[in-house]
Amino acid sequence: MSSFFHSVRLDEEKCTGCTTCIKRCPTGAIRVRNGKAHILSGRCTDCGECIRVCQHHAKYSERDDLSRLSEFKYNVAVPAPTLYGQFSNIEDTDYILTALKRCGFDDVFEVAGGAERVSELTREFMASDKAVRPVISSACPAVCRLIRVAFPQLIPHVIPLNSPMEETGRLARERARKVTGLADEDIGVFFITPCPAKITAIKQPICLEKSYISGAIAIKDIYPALLKNIKALKNESPESLKSAGLIGISWATSGGESAALLRDSYLAADGIENVIKVLEEIDNEKLNNIDFVELNACTGGCVGGSLTAENPFVAKARLQQLRRGMPVSGSHIGEGENVDDMYWQRPLTGYDIMRLSDDISEAMSMMNRMEEIRAKLPGLDCGTCGAPSCAALAEDIVRGFAKETDCIFRLRDQLDAPLFKDIFPAPFRKPEK
Amino acid sequence: MGIKLKYEVDGEDFTRAGEASGDIKKTLKKLGFPPETVRNVAIAVYEGEINMVIHANGGEITADLSEDGITVVLADKGPGIPDIGMAMKEGYSTAPDNVRALGFGAGMGLPNIKKYSDGMEIDSVVGEGTTIKLKFLPKQ
Ligand SMILES: Nc1ncnc2c1ncn2[C@@H]1O[C@H](COP(=O)(O)OP(=O)(O)OP(=O)(O)O)[C@@H](O)[C@H]1O
Ligand code: SF4
Ligand code: SF4
Ligand SMILES: [Mg+2]
């Protein structure tokens, strides 16, 4: 486990060490040390859950801003379909796309368009003998990273296709090269992102040598400028920029990717806890009768991303409105087109963060020690030690990165002062008569 | 050196069925048993655990884990199985309608336990209970 890039970061200044995030992290990747909630690099999937739960805004996502456009001669914005759900009273996505272009871009290319092509290729893949049922979507990078650290045995189920974001980035680059004659390094392609997971996927792709995307701008960062530009458009007609239909736009919400497959046997789960439950079910061979499993780390799908501006349920309702009257699909794979570039360049590789040791007998003695330690801990799961639970502290101790006296109760027990032993914190006090 | 695990299975609460097999699975993963072994144990023990809840009003599961193999014993004080040969047949089930409505009762549990384990012994006395002993050999 060498160097992992993570977009999710801690602002130490703001962190109070309150321990809220350590308990909510789905992979148990956060520990409070010296009063600050640090992220264990190998375990983090950049799902953004800690950003959502921190009341002190101490967890944030590393991201780009519009100043980066100056690095390139020609810039293309590639907006996630989630963007369209952020604004009220819009009947035509061209208003949003035009407003986006006027933020300083030379062109816009909808990720919804790339998504429609990915849907077409997925349909083809599902009908081939390469499909390991149930086939798991690879579009959400937080889910891919979760699978690699916690369910590596399920990797063969994951569909080996690039995400709509990458497919769109590739197409956007191709078009920009054609239109401008510029070299790749002079073309900036910026993803308008709902989440930190996508940013991580851009900076450190797992299944591509290099991302087609140059940078990522958070939806909530560009939102104010977009609002202003949309207002300014009120008395004009927008440019004609859209290319996607309702299939592409549906990818923003949970179930959209599945519906586009035009088959009934699918399951769509959203929210990281639900995703974990479904992966367990697949692992236990309980879902063998299902063809396709769509998993989104965020509640409601990408509309629930932690870098969006609008409530996910409101965004979903708006997308439903927008879809009315749209063609089913606006982007297609051409007859006889070579689609090799739509597949991964290298496989998803697993590395197991769960196992205690590579040697089973060593792992067993570690586990027995863990159990002995845990039996002496109070079972309060209070988090004061910096670990999410007493069991997690026991594991940390055995793994060698915590000590028993990190638990305030164990510290008390070891103090050689009889007085302390009679002081009981509230949870242990006997009811007074 | 080995690990012993023990679980009481509540016969009243459907929603908790699967907790014991889930925990055994998690433990095996932590210990680094091969994925195939982990999966086989998880599937077989889950079926046994569900049977305990549906047919026997709960019971007890113990697991002995060692490098050379895994032994799981599922013991209950339920009604017992009158004809084990019959019960082992694919499709044989006495599950009542309310249980079938939940998706159980295909009569595949016991056959699957046999399929996924490397050894299965059933002891059952009508009116006293059922004990199923399962063996799993670690494979790479
Ligand atoms: N622990 C048990 N106690 C009493 N009877 C049992 C027990 N386990 C299984 N049986 C009997 O054996 C039959 C077959 O069990 P099996 O697990 O194969 O199928 P099922 O539980 O009925 O359905 P399924 O497992 O497919 O949901 C059961 O219907 C029941 O009559
Ligand atoms: S939730 Fe986590 S990051 Fe935020 S203040 Fe509390 S400990 Fe620090
Ligand atoms: S569900 Fe969508 S928004 Fe959320 S992490 Fe996955 S890709 Fe990002
Ligand atoms: Mg059964």
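Since every read-out is calculated from the coordinates, none of them should be taken as a lab result. Remember, predicted model here, so these are calculated numbers, not experimental data. Note: ideal-geometry Cβ built from the backbone for every residue, glycine included; neighbour counts use all protein chains shown.
The alpha carbons of the range A:8-61 stretch over 23, 20, 16 Å along the principal axes, in descending order.
Comparing Cα centroids, the range A:155-219 and the range A:324-386 end up 23 angstrom apart.
Stokes-Einstein diffusion for the range A:230-328 at 10 °C, viscosity 1.306 mPa s, with a Kirkwood radius from C-alpha pairs, works out to 104 µm²/s. Where q = 0.12, 0.20 Å⁻¹, what log10 of I(q)/I(0) comes from the Debye formula for the range A:59-113, counting one point per Cα? Reported log10 I(q)/I(0), two decimals: -0.32, -0.82. Of all DSSP beta bridges confined to the protein assembly as shown, the antiparallel ones make up roughly 65%. Straight-line cross-link partners of A:Lys210 among the lysines, defined as a Cα under 22 Å from its Cα and at least 8 positions apart when in the same chain: A:Lys73, A:Lys178, A:Lys198.
Taking only the Cα atoms of the range A:111-266, the ratio Rg/Rh comes out at 0.99, with Rh defined as the Kirkwood radius. In this structure the amide hydrogen of A:Val158, modeled in the peptide plane, comes within under 5 Å of the amide hydrogens of A:Ile136, none closer than 5 places in sequence on its chain.
Among the listed pairs A:Lys101/A:Lys228; B:Lys89/B:Lys115; B:Lys6/B:Lys115; A:Lys277/B:Lys6; B:Lys4/B:Lys115, a Cα-Cα separation exceeding 21 Å is found for B:Lys6/B:Lys115; A:Lys277/B:Lys6; B:Lys4/B:Lys115.
An ellipsoid equivalent to the range A:300-394, defined through the eigenvalues of its Cα gyration tensor, has semi-axes of 48, 27, 8 Å when rounded to whole angstrom and sorted largest first. Summarised in one figure, the compactness ratio Rg/Rh of the range A:1-126, Cα atoms and Kirkwood Rh, is 1.08. 3J(HN,Hα) along the range A:153-159, derived from phi through the Karplus expression 6.51 cos²θ - 1.76 cosθ + 1.60 where θ = phi - 60°, amounts to 5, 8, 3, x, 7, 6, 5 Hz, with x in place of Gly and Pro. Under a 5 Å amide H cut-off, with hydrogens placed 1.01 Å from N, A:Thr193 pairs with A:Ile217, A:Ala218, A:Ile219 among residues at least 5 apart or on other chains. The peptide list B:126-135, A:345-354, put in order of mean Cβ contacts within 10 Å with the highest first, becomes B:126-135, A:345-354. For chain B, taking Cα atoms only, Rg and Dmax work out to 14.3, 46 Å respectively.
For chain A, taking Cα atoms only, Rg and Dmax work out to 24.2, 86 Å respectively.
Radius of gyration (Cα atoms) of the range A:35-193, expressed as a multiple of 2.2 N^0.38 Å: 1.22. With the convex hull drawn around the C-alpha atoms of the range A:360-428, the volume per residue stands at 83 Å³. Across chain A, C-alpha contacts under 8 Å between residues 6 or more apart give a mean separation that, scaled by the residue count, equals a relative contact order of 21 percent. Could you tell me which of the pairs A:Lys130/A:Lys242; A:Lys234/A:Lys316; B:Lys77/B:Lys114; A:Lys23/A:Lys376 are separated by over 30 angstrom between their Cα atoms in the structure shown? Long pairs (Cα-Cα over 30 Å): A:Lys130/A:Lys242. Which whole-Hz couplings ³J(HN,Hα) result when phi for each residue of the range A:298-313 is put into the Karplus expression 6.51 cos²θ - 1.76 cosθ + 1.60, θ = phi - 60°, listed in order with x for Gly and Pro? Per-residue couplings from phi come out as 9, 4, x, x, 4, 4, x, x, 7, 10, 8, 9, 10, 3, x, 6 Hz. For the range A:225-236, 3J(HN,Hα) computed residue by residue from phi via the Karplus equation (6.51, -1.76, 1.60; θ = phi - 60°) reads 5, 5, 4, 4, 5, 5, 4, 5, 7, 3, 9, 10 Hz, glycine and proline entered as x.
For the segment A:275-288, counting C-beta atoms of other chains within 10 Å of every residue's C-beta and taking the mean gives 2.
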